[in-house]
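> First the structure, then my questions, so here it is.
The values are calculated or read from the model by the stated rules, or taken from the named source; none is laboratory data. All figures in this text were calculated on a predicted structure; none of them were measured in a lab. In this analysis, Cβ positions are derived from the backbone assuming ideal geometry, glycine residues included, and neighbour counts consider all displayed protein chains. Ligands, DNA and RNA are stripped out before the accessible areas are found, and what is left, the full protein with its side chains, is counted by its heavy atoms. Shrake-Rupley method; radii C 1.70, N 1.55, O 1.52, S 1.80 Å.
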Amino acid sequence: MGTRRGMTNDNIALLRWLARSVETGAAVLREGRLSCTTGRIRTLCRQPGEWRWIAGPHARTRYPDLKTLLVEEGSALLAREAGTRTSRFDTGNCALELRLERLRTARREAVVVVAHDVTGQVREELRRVRDREARLHEQRMLAMGVVASGVAHDLNHALNVIALRIARLRADPGLRSQVDSLESIARRVEEAAGTVARLQDLARRRRDRPSESVDLTAVLLGAVEMARSDFDRPGRPRVQIHAEVPPLPLVRGTAAELSHLFSDLLLNARDAMPRGGLIEVRARDARSGVVVTVKDEGRGIPEEELPRIFDPFFSTSETRETGLALSIAYGLMQRLGGTISAANRAGGGSVFTLEFPLASRSARRAAEERSASARRLRVLLVDDEPDNLEVLQELLALEGHEAETTTSGRAALDLVSSGHRYDLVLCDVGMPEMSGWQVVRELHQLEPGLPIYLLTGWANEIGEHDPRLRAVRGVLAKPLDLDELRAVLATGSGPPPSGDEHASMAS
């Protein structure tokens, strides 16, 4: 076969292949109109769906279809002096690399477009980016966890001294006229302790799991009503909340934490809709627990940003303040033994799905029976902070017990080895030279069966299955809950718990 209009057989074969190719397409733009489009281009132009830049300074630009994209990008190239331009665009299920080249002829100018399907390559690059982001996320959270742990410990120590001082003042008959003021301060201390716990949730450092049973229906509906009253203010875009929350079984958690959680999610949904819209809240009883969904009608979350949505200080909206709410929510759900995930809705907007584990039947809080004949105890207090020792010794005296104090683990061991006998030991964990865990191990060698409780601002970070817990009766968190302390005093000198109390501990 000979040539046709100066074209070789090879050139004709190449053009025929280009017309049939499922990965590469071509088109010509003249005077704002497309012509000479190959099959691949024609097919994609007929498919609905927005196209956007994958990256670059115009990443937020959207095109309603491929034809509009080619016309506008080609016209922009003709308006500039640049001869070529290569960019990548994505429509969610297809990615194209477009090379636009300016072509000058004797009569007029045109733009030749060559489109190559790079969907597989883009998806692979995105996977690698997500893997890298996951590793960086773990490193960031590890660093933040170390800082948060130290800050939480110091704050809990300070709050513990304040809380115990307040309890001491409340017991003073001469200050009964100030009871209301002291109660108000005590509530503030409790709120501050809750804030510290949320800081540990943020850093994924908490290991404790609440044993309380919570009525999720009441908590969720309460959060919805509070959000409605907050959203319904003059001058704000109208945001409606539609809630379908049937009676649900009890779940694991605390009412205060879950109320914060739902309030944060509803605020996040509102901020995703700067022009207003509808938020849908639904809950249902599933086999493994309770499932709650919070849906909004915003623009959704870019797919490449979904892996980072629960990172601290990450935001997907220019109008939304960067914050910690979603990261704290993720940490809380992990600690509860549940899950939280984010996804985009088919019709636009995003949806957050939460799965809560059911509370166990054995989690019912039964009133502890106090011993009818309260016995006076000899208690050894071990803490390197004199303020803690002083106020705790005073409180134990008010409860009718005798307390001896020491500021180091070595001094505590010397007292026991020299023949001093105690009914109970309350020992701090974070002490210089010798930690509380080391003190426990050596005390058991000196006096097997001695009841020991640990006091620490890191209580929330000790997992319930930590093997070291087998050597102690329990761990009391700072700031100290006086009712919990009284329960320890009522039962702390009783028989040791079942199991090998003297099991070896990790250092």
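> Based on what the data block shows, is Tyr422 in a loop (DSSP other than H, G, I, E, B), modelled with pLDDT of 80 or more, of a type in the set (Phe, Trp, Tyr) and open to solvent by less than 40 Å² (accessible area, probe 1.4 Å)?
yes
> Looking only at region 330-358, count every residue that is aliphatic (A, V, I, L, M) and more than 12 Å from Gly253 (Cβ to Cβ) and tell me the total.
The qualifying residues number 5.
> Here's another thing I want to ask about it. What is the one condition in (1) modelled with pLDDT under 90; (2) surrounded by 16 or more Cβ atoms within 10 Å (Cβ to Cβ); (3) touching a helix residue (DSSP H, G or I) at 6+ places or on another chain (Cβ under 7 Å) that Leu175 does not satisfy?
Evaluating Leu175 over (1) modelled with pLDDT under 90; (2) surrounded by 16 or more Cβ atoms within 10 Å (Cβ to Cβ); (3) touching a helix residue (DSSP H, G or I) at 6+ places or on another chain (Cβ under 7 Å) leaves (2) as the failure.
> Which one is modelled with the lowest pLDDT, of the residues in region 240-262 that are out of contact with any Leu (no Cβ under 8 Å at 6 or more places or on another chain) and surrounded by 14 or more Cβ atoms within 10 Å (Cβ to Cβ)?
Ranking the candidates gives Ala256 first.
> Output the residues belonging to region 309-342 that are hydrophobic (A, V, I, L, M, F, W, C) and either open to solvent by less than 30 Å² (accessible area, probe 1.4 Å) or at pLDDT 90 or above (or both).
Passing the criteria: Ile309, Phe310, Leu326, Ile328, Ala329, Leu332, Met333, Leu336, Ile340, Ala342.
> Restricting to region 209-230, give me the number of residues that are under 23 Å from Gly349 (Cβ atoms), surrounded by 14 or more Cβ atoms within 10 Å (Cβ to Cβ) and at pLDDT 85 or above.
The qualifying residues number 7.
> Restricting to region 461-507, and then to whatever is touching a Gly at 6+ places or on another chain (Cβ under 8 Å) and at pLDDT below 65, can you tell me which residue is most open to solvent (accessible area, probe 1.4 Å)?
The qualifying residue most open to solvent (accessible area, probe 1.4 Å) is Pro496.
> Turning to a different aspect of this structure: Cβ-Cβ under 9 Å, sequence separation 6+ or interchain: first residue in region 34-55 and free of Cβ contacts under 8 Å to residues at least 40 places away in the same chain and at positive phi, partner surrounded by 14 or more Cβ atoms within 10 Å (Cβ to Cβ) and outside any helix (DSSP H, G or I). Which pairs?
Between residues of region 34-55 that are free of Cβ contacts under 8 Å to residues at least 40 places away in the same chain and at positive phi and residues that are surrounded by 14 or more Cβ atoms within 10 Å (Cβ to Cβ) and outside any helix (DSSP H, G or I), the close pairs are Cys36/Ala26; Cys36/Ala27; Cys36/Val28; Cys36/Val112.
> Working only within region 263-282, note down all residues that are part of a strand (DSSP E or B), open to solvent by 10 Å² or more (accessible area, probe 1.4 Å) and of a type outside the set (Lys, Arg).
Gly277, Leu278, Glu280
> If you scan region 11-66, which residues turn out to be loosely packed, with under 12 Cβ neighbours inside 10 Å, at pLDDT 75 or above and part of a helix (DSSP H, G or I)?
Arg46
> Moving on to the next point. Looking at (1) open to solvent by 30 Å² or more (accessible area, probe 1.4 Å); (2) at pLDDT 85 or above; (3) under 21 Å from Asp384 (Cβ atoms), which is the only condition Leu450 fails?
(1)
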